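The structure appears right after this line, and notes come after that.
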Amino acid sequence: MQPFTDAEVENAQAVVYAAMPPTPQYAWPLLAQRLGAEVWLKHENHTPVGAFKLRGGLVYMHQLRRRGLGGAGVISATRGNHGQSIALAARREGVPATIVVPLGNSVEKNAAMRALGATLVEHGQDFQQSREHAAALAEQHGLHFVPSFHRDLVLGVATGWIEFFRAVQPDLVFVPIGQGSGIAACAMARAFTGVKTRILGVVSAHATAYLDSFRAGHAVSAPVSTVLADGMACRVPDADSLALILREVDEVIAVSDDEVAHAMRVLFSDTHNVAEGAGAASLAAALQQRDRLQGQAVGLTLCGGNVDRELFAKVLAGAP
Ligand SMILES: Cc1ncc(COP(=O)(O)O)c(C=O)c1O
């Protein structure tokens, strides 16, 4: 992926900040105590869709319309946050959006996408099947298919990491991986701002496609069985994002649903923010790697807070 130019970043910032203010990064003292490190948490749960994805959708849709494309409507597949992002961004551009989700998807994410004006299609047993169906519907109905990974999505998401790296320059950051736009944006923002921060990727131990691919040096598919980290439920890695991850990422770590549940509880008790599974994954990885972090400055991202109430109640009731 070509480095971002100043003009591209300025344009992306103008598009993003027309829809939302920058999000804060806070150094929560209880997290610092718990990890024995300086800990900075980026609050991407505070965007208008409760997740970092919005930034990418806004820039992608803006660029699409500037090129005169997508007027008949856009379609995409999602487990929820990408879909909310595309729905909101499409509405701002006056374009109809159809979003395909797998059966049994998060009830509250589905409701949010409908409330944003999207037509929701529930199809397929997992994200991959939803994606294939979305691609077929795009063909049939002449809709523009919005991919899960694209340079404009990465550019939009990078505005958040540029905010972060201009505010703090941690020794390392933990970044969850789903289809890879978040971690790619982190790497591109690192290059853009010139910070030296190490980037550690985080996958679900129940969806290890990117970990297996990172180790193998080429794309490897893996089954998905995570119950908590739907944002990281990737079965088939994206070739472009994998290439970038292989080049830019120092290490990839797997966290189990138990570790993610614990991190969700910790985020609630230490910061009183609600995290969805993927939103707690970077903290889960830091807690797992605590011994290595002593005295370091650590960046974490609370990249999404969209967890269904029932599931969150179960997680909060869990021990310890
Ligand atoms: C909250 C959250 N975190 C992390 C991810 C993974 O991001 P990416 O697909 O850009 O790798 C997602 C993806 O939807 C998400 O919703």
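Does Arg65 satisfy the condition of being in contact with an Asp or Glu (Cβ under 8 Å, 6 or more places away or on another chain) and either under 15 Å from Gly117 (Cα atoms) or not assigned by TED's automatic domain parsing to the domain that holds Ala207 (or both)? It is true that Arg65 is in contact with an Asp or Glu (Cβ under 8 Å, 6 or more places away or on another chain) and either under 15 Å from Gly117 (Cα atoms) or not assigned by TED's automatic domain parsing to the domain that holds Ala207 (or both). Taking the criterion of being outside any helix (DSSP H, G or I), surrounded by 24 or more Cβ atoms within 10 Å (Cβ to Cβ) and more than 16 Å from the ligand (Cβ to nearest atom), the residues of the range 53-92 that qualify are Val74, Ile75.
Among the candidates Gln125, Gln169, single out the residue that is part of a loop (DSSP other than H, G, I, E, B), assigned by TED's automatic domain parsing to the domain that holds Ser76, more than 16 Å from the ligand (Cβ to nearest atom) and surrounded by fewer than 22 Cβ atoms within 10 Å (Cβ to Cβ).
Of Gln125, Gln169, the one residue that is part of a loop (DSSP other than H, G, I, E, B), assigned by TED's automatic domain parsing to the domain that holds Ser76, more than 16 Å from the ligand (Cβ to nearest atom) and surrounded by fewer than 22 Cβ atoms within 10 Å (Cβ to Cβ) is Gln125.
Cβ separations smaller than 9 Å between residues 6+ apart or across chains give no pair from the range 1-28 residues that are on the phi > 0 side of the Ramachandran plot and in contact (Cβ under 8 Å) with a residue 60 or more places away in the chain to residues that are surrounded by fewer than 16 Cβ atoms within 10 Å (Cβ to Cβ) and not hydrophobic (A, V, I, L, M, F, W, C). Of the helices (runs of 4 or more DSSP H) that lie entirely inside the range 215-320, those containing 2 or more residues that are among the small types (Gly, Ala, Ser), farther than 28 Å from Ala111 by Cα and away from the ligand (no atom under 12 Å from the Cβ) span 239-248, 277-288.
Give the residue that is modelled with the highest pLDDT, with candidates limited to residues of the range 228-256 that are of a type in the set (Asp, Glu) and in contact with a helix residue (DSSP H, G or I) (Cβ under 7 Å, 6 or more places away or on another chain).
Within the range 228-256, the match that is modelled with the highest pLDDT is Glu248.
Lys196 passes every criterion in (1) surrounded by fewer than 24 Cβ atoms within 10 Å (Cβ to Cβ); (2) touching a residue at least 60 places away in the same chain (Cβ under 8 Å) apart from (2). Can you confirm whether Asn45 is within 24 Å of Val173 (Cα to Cα), assigned by TED's automatic domain parsing to the domain that holds Met232 and of a type in the set (S, T, N, Q)? When the stated conditions are applied, Asn45 passes them. Taking every residue in the range 212-241 that is surrounded by 14 or more Cβ atoms within 10 Å (Cβ to Cβ) and pairing it with any residue that is of a type in the set (Lys, Arg) and assigned to a helix (DSSP H, G or I), at least 6 positions away or on another chain, the pairs with Cβ-Cβ distances below 9 Å are Asp230/Lys109; Gly231/Lys53; Val236/Arg131; Asp240/Arg151. If you check Gly178, Gly117, Gly156, Gly160 for being within 16 Å of the ligand (Cβ to nearest atom), assigned to a loop (DSSP other than H, G, I, E, B), of a type outside the set (A, V, I, L, M) and in contact with a helix residue (DSSP H, G or I) (Cβ under 7 Å, 6 or more places away or on another chain), only one passes: Gly178.
The values are calculated or read from the model by the stated rules, or taken from the named source; none is laboratory data. These numbers were taken from a predicted model, which means no experiment stands behind them. With ideal geometry, Cβ positions are generated from the backbone for all residues, glycine too; neighbour counts draw on all protein chains shown.
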